[in-house]
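First comes the structure, then the notes that go with it.
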Amino acid sequence: MSNPYMLRLELLKMAQDALNTEYHTKCDMIRTDWSNQVQLAHTGHGPVPTTPDLPPIYTMEQIVEKAQILNNFVSQG
């Protein structure tokens with residue numbers, strides 16, 4: 001993979017994968033917490049929760065920023 005364009009593409013893919021994993025982890029945590037609150041409400045041990053807002057999805061700028069961080073790390077090696 002000595003082609004610089006292929007390296008950039010691979011870094012962008014890695015950055016997007018990392019941000020995607022982070023996003024879905026946050027969403028899963030919010031959904032799990034909400035589900036637990038719903039279960040408590042069903043048993044009468046808590047108030048009925050409101051539907052939570054999910055975090056905004058990452059932007060292209062964040063992907064590029066993460067790719068630059070990865071590139072800096074690789075370039076130092």
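In the set (i) 41, 10, 8; (ii) 35, 18, 13; (iii) 75, 8, 6, which value of semi-axes √(5λ) of the Cα gyration tensor in Å was calculated from the structure you see?
It is the value labelled (i).
Considering only the other residues whose Cβ falls under 14 Å of the Cβ of Trp34, what net charge follows from Lys and Arg at +1 and Asp and Glu at -1?
It works out to a net charge of -1.
Which whole-number percent gives the relative contact order of segment 26-77, counting Cα pairs below 8 Å spaced six or more residues apart?
The normalised contact order for segment 26-77 reaches 29 percent.
Divide by every residue of the chain the summed helix terms, -39500 (n - 2.57) for each DSSP H run of at least 4, and state the resulting mean residue ellipticity at 222 nm, rounded to the nearest 500 deg cm²/dmol.
For the chain, the value works out to -26000 deg cm²/dmol.
Output the 0 to 90 degree angle, nearest 10, between the alpha-carbon long axis of helix 4-42 and the longest principal axis computed from the alpha carbons of the chain.
10 degrees
Compute the angle between helix 60-76 and the longest alpha-carbon principal axis of the chain, please, reported from 0 to 90 degrees and rounded to the nearest 10.
Rounded to the nearest ten degrees, it is 50.
Assign unit charges at the C-beta atoms only (+1 for Lys and Arg, -1 for Asp and Glu), then state the dipole size of the chain relative to its Cα centre in Debye, rounded to the nearest 20.
Result for the chain is approximately 100 debye, rounded to the nearest 20.
FYI, it's all coordinate maths here, none of it is from the lab. Keep in mind that this is a model prediction, so the values were computed, not measured. FYI the Cβ positions are ideal-geometry reconstructions off the backbone, even for glycines, and counts take in every protein chain you see.
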